[in-house]
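The values are calculated or read from the model by the stated rules, or taken from the named source; none is laboratory data. Just so it is clear, the model here is predicted, and its values are computed rather than measured. Note that we place each Cβ from the backbone using ideal geometry, even for glycine, and neighbour counts take in every protein chain shown.
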Amino acid sequence: MLRKGTAKKVTIYVNEDTRAHLGPLYEAILTFLLSKGVAGATATRAMAGFGGHQAMHSSKIEARAEHLPVRIEFIEAAPKVDELLPTLYDMVTDGLIEVQDTTVVKAAAAERQPEATPHREEIRGKARLMRIYMGEADRWKGESLYEAIVKRLRMLDVAGATVYRGILGYGAKGHTHKPGLWVSRDLPVMVSVVDTPEKLSAALPEIEAMIGDGLIVFSDVEAIRLVRALPEAADAGT
Amino acid sequence: MPEPEPARMLRLHFVESDRHGGKPLYEAVVERCRELGIAGATVFRGLEGYGESAELHRHQIGRHEQPIVVTIVDTAQNIRILIPVLENMMQTGLMAVSDVERIRLERSREL
């Protein structure tokens, strides 16, 4: 159950032919990680490399093809990694263990149906309303700006966004947005977003950087009930 | 990044069929705002609603009774000047003002 946000990435370098009990060490490590409920782990066979023994292992050198480096990678939350490291330290008799800070952008399991009731987060009381004004024809890296903004807000875990199309207006660009029958349309578009002040302040710099001409308006609102399901926590019961 | 500055938001609620000076009221309002040098105005059409006259405003063929909302964001000073002007143009409807913070992005003009 990997969550979005900061996490640790562990990389273990071993030799393909290093053995642990009856099988290869990398298999033993993968079995251990699976038994501990690690979200996922990958073992990759290298093309060539050298390590602590200062001997080149390469698939070109036939006699040493069995001795190729294997890299095992997995990403987990920091407390989980702390829990696993002592055992891994014990297991890796010959090799290298490295840990680095990382950020999980998306952890999705499409094929798995949520088994438990999805965890929900409720927002009540003090909240902020952000309205973003732009033109319908505004674009951002090849797609329409309002679509790009909604996608970005979704990625940033903002509770919700609604796009409204106006029928007339003018603003930062100075020209009047009017409906035309055959001409390309550039009607005003407004995206309204409600979430906690912290969520919106975090999203603001990213949204602001996407807009060329426009207006962002904030107001304080009272959230009566704003419930959102957290999809990444849906399989927490597995 | 530009800092948010305090501003005021004015919202006008009326119906699409309201007219002023021979044209739809929402067009007249937007034009008047432009003449007065107001930063911007946006007109939205609602799907359904009801208001002062207590009759339901919804789209019917041949009738334009859908609700209209005009939102205007500018400095408190400019909104104060604008309110009496628009009040004279509207017969029925609602005006609401609220405090907001705004960030104006005018990158194409800066270039």
Practice problem: Look at residue B:109 and say whether it is within 8 Å of chain A (Cβ to nearest Cβ), modelled with pLDDT of 90 or more, under 27 Å from residue A:172 (Cα atoms) and not in a loop (DSSP other than H, G, I, E, B). | Solution: no
Quiz item: List the pairs whose first member sits in the stretch B:86-106 and is within 14 Å of another protein chain (Cβ to nearest Cβ), whose second member is aromatic (Phe, Trp, Tyr) and crowded, with 18+ Cβ neighbours inside 10 Å, and whose Cβ atoms are under 9 Å apart, counting only residues at least 6 apart or on separate chains?
Solution: B:100/A:218; B:101/A:218; B:102/A:218; B:103/A:218
Quiz item: Restricting attention to the stretch A:26-42, and to residues there that are in contact with a helix residue (DSSP H, G or I) (Cβ under 7 Å, 6 or more places away or on another chain) and either among the small types (Gly, Ala, Ser) or within 14 Å of residue A:93 (Cα to Cα) (or both), which single residue is surrounded by the most Cβ atoms within 10 Å (Cβ to Cβ)?
Solution: A:29
Exercise. Considering (1) surrounded by 16 or more Cβ atoms within 10 Å (Cβ to Cβ); (2) over 31 Å from the mean Cα position of the chain (by Cα), say which one residue A:55 fails and leave the rest.
Key: (1)
Exercise. Determine whether residue A:157 is more than 9 Å from every other protein chain (Cβ to nearest Cβ), in contact with a helix residue (DSSP H, G or I) (Cβ under 8 Å, 6 or more places away or on another chain), at pLDDT below 90 and not in a helix (DSSP H, G or I).
Key: yes
